[in-house]
Amino acid sequence: MKQIFHDNEAVATSVGFILTFSITVITFLLVMNASYNMMDQAEQTVMREEFEIHGNNIALQLTEMETLVNSSTTAGGEVDEIRYEMLLPLKVANEYYSVEFSNSEKEMIFESHGRDETRVKIPYEARNIQVMNTTISSASVEHAMIYNSTSDMIEIH
């Protein structure tokens with residue numbers, strides 16, 4: 001008769017199963033974590049590219065406004081007001097964002113939730129007209145750039 005207390009035959013199978021299962025779970029978690037990090041990086045890349053596209057469109061509109069004002073005043077005319085609707089999407093990569101206009105730096109800063117990974121700075125050219133320092137949020141749906149002749153400034157709402 002065999003003694004049960006000193007029988008180690010079944011231990012190898014149990015320990016092997018526990019080790020194999022643990023290694024499988026840890027490997028699965030590492031692969032999932034890596035895939036989530038890659039998806040987050042892809043989302044940030046998409047946001048930065050979208051911000052660059054929209055920022056360049058706004059910079060073009062600012063340049064067009066300044067060109068219209070300069071052309072009119074050079075020809076002896078006057079411009080009371082010019083209004084451009086800014087067509088910005090509500091969300092980029094399913095996230096709200098903000099746009100900060102800095103007249104001193106002559107740039108727009110797009111960013112989502114204050115994350116440095118999504119921050120994009122877009123320069124603009126406005127030599128004769130000042131742009132109002134402001135920050136707009138994509139959560140407010142309608143945005144416009146308005147040239148005000150009394151202040152000789154482009155206001156952004």
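Looking only at region 9-58, residues that are touching a strand residue (DSSP E or B) at 6+ places or on another chain (Cβ under 7 Å) and of a type in the set (D, E, K, R) come to 3 in all. Within region 36-57, residues that are under 9 Å from PHE110 (Cβ atoms) have Cβ atoms under 6 Å from residues that are of a type outside the set (A, V, I, L, M, F, W, C) and assigned to a helix (DSSP H, G or I) in these pairs: MET47/THR118, counting only partners at least 6 apart in sequence or on another chain. Put simply, of GLU66, GLU155, GLU100, GLU85 the only residue that is among the acidic types (Asp, Glu) and exposed (fewer than 13 other Cβ atoms within 10 Å of the Cβ) is GLU85. Of all residues in region 92-103, those that are of a type in the set (Gly, Ala, Ser) and at pLDDT below 90 total 1.
Out of all the residues in region 91-114, which are among the charged types (D, E, K, R) and either under 17 Å from ILE58 (Cβ atoms) or touching a strand residue (DSSP E or B) at 6+ places or on another chain (Cβ under 9 Å) (or both)? Hits for region 91-114 are GLU100, GLU105, LYS106, GLU107, GLU111. When GLU85, GLU100 are checked against the criterion of being in contact with a His (Cβ under 8 Å, 6 or more places away or on another chain), of a type in the set (D, E, K, R) and under 28 Å from VAL46 (Cα atoms), GLU85 stands alone in meeting it.
With respect to the conditions (1) out of contact with any Asp or Glu (no Cβ under 6 Å at 6 or more places or on another chain); (2) free of Cβ contacts under 8 Å to residues at least 24 places away in the same chain; (3) surrounded by 12 or more Cβ atoms within 10 Å (Cβ to Cβ); (4) not basic (Lys, Arg), ALA75 falls short on a single one, namely (3).
Suppose the filter is surrounded by fewer than 18 Cβ atoms within 10 Å (Cβ to Cβ), out of contact with any Gly (no Cβ under 7 Å at 6 or more places or on another chain) and either of a type outside the set (D, E, K, R) or modelled with pLDDT under 90 (or both); does ALA59 pass it? Walk me through how you get there before you give the answer.
Working: surrounded by fewer than 18 Cβ atoms within 10 Å (Cβ to Cβ): no; out of contact with any Gly (no Cβ under 7 Å at 6 or more places or on another chain): yes; either of a type outside the set (D, E, K, R) or modelled with pLDDT under 90 (or both): yes.
No; evaluated as a whole, the condition is false for this residue.
Residue pairs whose Cβ atoms lie under 7 Å apart, separated by 6 or more positions or on different chains, with the first residue in region 86-104 and more than 21 Å from MET153 (Cα to Cα) and aromatic (Phe, Trp, Tyr) and the second modelled with pLDDT of 90 or more and in a strand (DSSP E or B), are TYR96/SER137; TYR97/PHE110; TYR97/GLU111.
The values are calculated or read from the model by the stated rules, or taken from the named source; none is laboratory data. Only a predicted model underlies this, so the values are computations on that prediction, with no experimental measurement involved. Cβ: placed from backbone, ideal geometry, glycine included. Neighbour counts: every protein chain shown.
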